[in-house]
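Chemist: Here's a structure for you.
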Amino acid sequence: MIIDFRTKHKVIPEPVLINDCIVERVTEYKCLGVVIDNDLKWHEHVAYVEKRLKPRLYCLRKLNSFSVSQDILATFYSSILSSVWTYCLICWAGNTDKSHIKVLDDIIKRVGRILGENLPSVYTVYLKHAGVKLQSIWNDSSHPLYDQLSSRIIKRSGRLRSLVSHTNRYQSSFIGTAIAIHNKNFTR
């Protein structure tokens, strides 16, 4: 798979050979349960997650129709449904289109109606997970992102310098989100 964001002067590279065999080029690839496409748009991953959630939602509705207790329904949601859509959330949720996130939010709202409670949206859970991950980075100076984030600290205020980029892709990534979370929650 070739990931290239250049809009001008795109050059198609020569085929890759391994042991005199041409490696097939693909536009999307599933790695460790996350579908990555060559544009890093994540719509294929959201479709994959939605496809995995629908049968599980059916089972939750069936359990509800059998008058199973709310505690068991909540446990079923936490272990069977929530674990599917929160898997690697930090990797893909920041740069996913709102229309694709809405697909998952609609499923979560349906689950909330079954459970009789308001469940947090995908973006709310993403921000929570990003905050927890940011805290673990600050607590571990050997983390690969520690130096990148600590080098952005403004000495006078202790806040982090925002990212400068021409596209929204980098600002919506984990690093951009982590900087925004740090600056929002920063107190001296």
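Chemist: Provide the solvent-accessible area of H43, counting protein heavy atoms only and rolling a 1.4 Å probe, rounded to the nearest 10 Å².
Modeler: 70 Å²
Chemist: Of the heavy-atom accessible surface of the stretch 29-135 (probe 1.4 angstrom), what whole percent is carbon and sulfur?
Modeler: So the carbon and sulfur contribution to the accessible surface is 57 percent.
Chemist: Would you please calculate the Kirkwood hydrodynamic radius of the stretch 9-112 over all C-alpha pairs and express it in Å, rounded to one decimal?
Modeler: Hydrodynamic radius (Kirkwood, Cα only) of the stretch 9-112 equals 16.1 Å.
Chemist: At 1.567 mPa s and 4 °C, plugging the Kirkwood radius over alpha-carbon pairs of the chain into Stokes-Einstein gives what diffusion coefficient in µm²/s?
Modeler: The diffusion coefficient I find is 67 µm²/s.
Chemist: Same structure, new question: So, by mean Cβ neighbours within 10 angstrom, what's the order for 115-127, 148-160 with the highest one leading?
Modeler: Top to bottom by mean Cβ count within 10 Å: 115-127, 148-160.
Chemist: Hand me the chymotrypsin sites (Phe, Trp or Tyr not before Pro) from the stretch 23-120 located in a DSSP loop with no more than 12 other Cβ atoms within 10 Å, in residue order please.
Modeler: Passing both the DSSP loop test and the Cβ count: F66.
Chemist: On average, how much accessible surface per residue is there in the stretch 79-188, in Å², for a 1.4 Å probe, leaving out ligands, DNA and RNA?
Modeler: So the stretch 79-188 comes to 60 Å² accessible per residue, rounded to a whole number.
Chemist: Roll a 1.4 Å probe over the protein heavy atoms and report the accessible area of K133 in Å², nearest 10.
Modeler: About 80 Å², rounded to the nearest 10.
Chemist: Are there GluC sites (Glu not before Pro) in the stretch 1-96 that DSSP puts in a loop and that have at most 15 other Cβ atoms within 10 Å, and which ones?
Modeler: Those satisfying the criteria are E24.
Chemist: OK, next. Determine the relative contact order of the chain: mean sequence separation of Cα pairs under 8 Å and six or more apart, normalised by residue count, in whole percent.
Modeler: It comes to 15 percent, rounded to a whole number.
The values are calculated or read from the model by the stated rules, or taken from the named source; none is laboratory data. Since we're looking at a predicted model, the values are computed, not measured. Backbone-built Cβ (ideal geometry, glycine too); neighbour counts: all protein chains shown. With ligands, DNA and RNA removed, areas are computed over all heavy atoms of the protein, side chains included. Shrake-Rupley method; radii C 1.70, N 1.55, O 1.52, S 1.80 Å.
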